[in-house]
Each structure stands twice: as structure tokens, then as C-alpha cells.
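The values are calculated or read from the model by the stated rules, or taken from the named source; none is laboratory data. The model shown is predicted, which means the values in this text are computed figures rather than measured ones. Positions of Cβ are generated from backbone atoms using ideal geometry, with glycine treated the same way; all protein chains shown enter the neighbour counts. All accessible areas refer to the heavy atoms of the entire protein, side chains included, with ligands and DNA or RNA removed. Shrake-Rupley method; radii C 1.70, N 1.55, O 1.52, S 1.80 Å.
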Amino acid sequence: MLDQAMFAHRYDPPRQDSGGGVFRRYHIAVSHSVAVEGLVSGIGIPAWSEGRTESAKDAAVLHTMMTQGANLIGQLQVDPLAFSITGLNPFYAELRNPKYRKYRVGGSNAGIAVAVAKKLAHLGIGNDAFGGVRIPAAHCGLFGYRPTPGLIDASGLLPAAETFDNPGVCSQALAPISQFQELVAKPSTAIKNIVGVVLAEPIFALYYSDEAMDCFYKKLEALPLPHETTLAMNKLVLTRIENAQVAIASHEFLLVYQEWLEKQKLDLPSSTQSYLARLQAINYKDHFQAKKTRKQLRDTVCAMWPSDKVLILPSTPGEILPRDAGQEQSDIFNLAQRRLMALADVCGLPQLTLPLFNYQEAPYGVTLLAHPNKDKLLMEVAHRWVG
């Protein structure tokens, strides 16, 4: 029953438009916020979809996959307003984490992560604004990839915030992610060899216990690349960047949804309402200033490590939340989680999260960041490390 409940629409048998192509053996799932021809998209709230027009065509990223033989199993559940990151949606049946039962799924594209973790699909595709694909991937022990903005056409994604809307993909294995990057994205900058990796040690120290750090360093021994550390990437930098993301996203999100929200007067989950309140509190001056300083932030961040290396951070702020976590604990965790994802969003960087180890029955992973258009560096590090 839960398998069925996470679907907004299910194809049985899966829809396949072409019998040939490189993805003909792949089953894919898309989030409800990804346009599918003949279906009504959604933002995790049934009232939004009611009475709206069916999509005239597939989203661009889905169209590319379907012309290469992919088998579409359906559209799947997203969190309310498609920006909540808990994986808890009171408007639909609760989703359970297939691999880590006592923990949350993470969001906003919770449905596709569950489908992939349950092996119903090889790839899950959604709008990865605000970490919408990377976060549930990390919670469910999956790989999650957000390409350099512009490498993949974002048309057909229901908007969260225009500046940050970007297709993202998750998978149980690295090979489908790597193939997606190679064949669906426009060619990113060619590389000869990855030179090494840089560890953001202040961020690991902030979120990992000593025991979890020991596990991480043991895993790091398996990476056959030189590594160094940087102290420049710290909590202050992440805080500044996440605040800039809120300021930029505010007017872009509200331009699309504010009038509808005022009419509906919805009883939203407290975590969703809290983030919505942050967006609504931004004035236009702060929004304009944040957009102006975005390039400066990107230049500052990219100066922290060389373009032929990859930066490594935690993918979650320590142990993920149990399903019964209290509101205060959730607020602290969610803010830290948003900060870890905002770095790629605001600075326009490609990001790859990969599962690394379990500690006390919880998943721990790392997130790899590269300079813009250096997506292949991420894949190269991942292949050498966990390949």
C-alpha cells in the first residue's frame, strides 16, 4: 500500500517511448514537480493540482531520457511547496526510509528517493533546488548529483526559485549517475586527471562526533589521491551563503505562489511554515543586493581550492533525524542541512553526494564539490573512491 501511496501517478506497465537507446534497461521515476505529458504536476499539496491543465509535453530532461529508451514508472510524492526537506508530507501517506527505518526520508523529492532505495527504479529525477534530490539521496544511502546549472535544460520543472531550479538525479549505484552525467548533460569541460582533494575540516569537526570522524578517516584511506585540508570553509561561510540563497529565492518563489497561498490559508507543517516565513520576511532591497553579490560569493568560494581538485564536505550535519524528532531538534538540523546544500546552489557548482559508511545504524556520506563545469572531476573522484 505504501508503494502505491507514494505515487501521484503510476504507469503499469512502465511507459516506454522508444525500444532502443542507452537507457532502455533503466527504469526511472520522476518527482511530481517534473512535467509529464498528459499529467498534472504538483508541489506536494493536492489543492495546487486541482483544476490545473495537464502538461502538453514532458520536461526537457525527461524527454531526453525517454528518447533514449528509458522506462518511466511514474510521478512520485514531493514535500509541501516542494521546498520542505523533511520528507514528511501530512497531505499524503507518510513515506518510510527503506534502508534506515527509524530515520526520516529527507526531502523535498522524497518519493523518488524511496522508489530508488526500494529498487523500483534505477534513477530518480527531480528539481534539485534547495537540495531537493541530494538531501533524500543522502538520507536513503543513495548517490545524488546536481550538475553545473545550464548543463541540463531545466524547462518543464515546476519552479521553486528560478535562480536555483535545476534537474537532479539519484541512484543506488554510481554507474547510472555517471552515465546520466555523460549523456544527458551538455558536455562539461574535459579533464585530464584529478590532482587531489581538499577536506573542509572545520565543517566535519562541526557536525561529526570523534567516533564518526574515525570512521571517515578510515574510509578516506581507500581514496588513492593526495588530500589536503582547508580552514577557509567554515560555518560562517556556509551561513552567509545560505542567507544569500533565502534572499535570492524569496521574491522568485513568492512571485509564483504568494497569491495562491493567501487564498488557500493552508495548515502547513511547522518546518515548511518556518521556511516560508523566512522567504516572506525578505524585502526587495535585500533580494536585489543578494543577487548582486552572488558572483562575488562564488569567486570567494572557488578561491578556497584549485580548479583541478575537489572539495569534500559532509552530506548531512551528522546523524540524520529519527522520525519522531522534536521540533527544536528538527529546526536546528534542517538549518544546518540547508547550509550544506546552499553552497552549490548559490555558487553554481556541480555537487555529488555519495554514501560512505553507517555508524550506529545511521547513514553517513560525503558531498563532493567542483568548480563550475568540472562535473567530470566529481565522477572521477567517486569512481576511484567507491567505484
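Which of (1) within 24 Å of the chain's Cα centre (by Cα); (2) open to solvent by 20 Å² or more (accessible area, probe 1.4 Å); (3) not basic (Lys, Arg) is the odd one out, the single condition residue 45 does not satisfy?
Failing condition for residue 45: (2).
In the range 244-303, which residue that is among the basic types (Lys, Arg) and without any contact (Cβ under 8 Å) to a residue 12 or more places away in the chain is surrounded by the fewest Cβ atoms within 10 Å (Cβ to Cβ)? Walk me through it before giving the result.
If we filter the range 244-303 for residues that are among the basic types (Lys, Arg), which is where we start, we get 263, 265, 278, 285, 291-292, 294-295, 298.
Filter again for without any contact (Cβ under 8 Å) to a residue 12 or more places away in the chain, leaving 263, 265, 285, 292, 295.
Working: 263: 9, 265: 7, 285: 9, 292: 9, 295: 11.
For the range 244-303, the residue satisfying everything is 265.
Can you tell me which of (1) surrounded by 24 or more Cβ atoms within 10 Å (Cβ to Cβ); (2) over 12 Å from the mean Cα position of the chain (by Cα); (3) closer than 25 Å to residue 347 by Cα is the one residue 60 doesn't meet?
(1)
Any residue at all in the range 315-327 that is open to solvent by less than 40 Å² (accessible area, probe 1.4 Å), modelled with pLDDT of 95 or more, farther than 24 Å from residue 103 by Cα and out of contact with any Gly (no Cβ under 8 Å at 6 or more places or on another chain)?
no
Does the range 16-32 include one or more residues that are modelled with pLDDT of 95 or more, open to solvent by 20 Å² or more (accessible area, probe 1.4 Å), in contact with a Gly (Cβ under 9 Å, 6 or more places away or on another chain) and assigned to a strand (DSSP E or B)?
Yes.
Can you tell me how many residues within the range 192-211 are under 30 Å from residue 116 (Cα atoms) and at pLDDT below 95?
Count: 1.
For residue 211, all conditions in the list (1) closer than 30 Å to residue 46 by Cα; (2) open to solvent by 50 Å² or more (accessible area, probe 1.4 Å) hold save one; what is the number of the exception?
Of (1) closer than 30 Å to residue 46 by Cα; (2) open to solvent by 50 Å² or more (accessible area, probe 1.4 Å), only one is false for residue 211: (1).
Identify all residues within the range 52-86 that are at pLDDT below 95 and at positive phi; write none if there are none.
82
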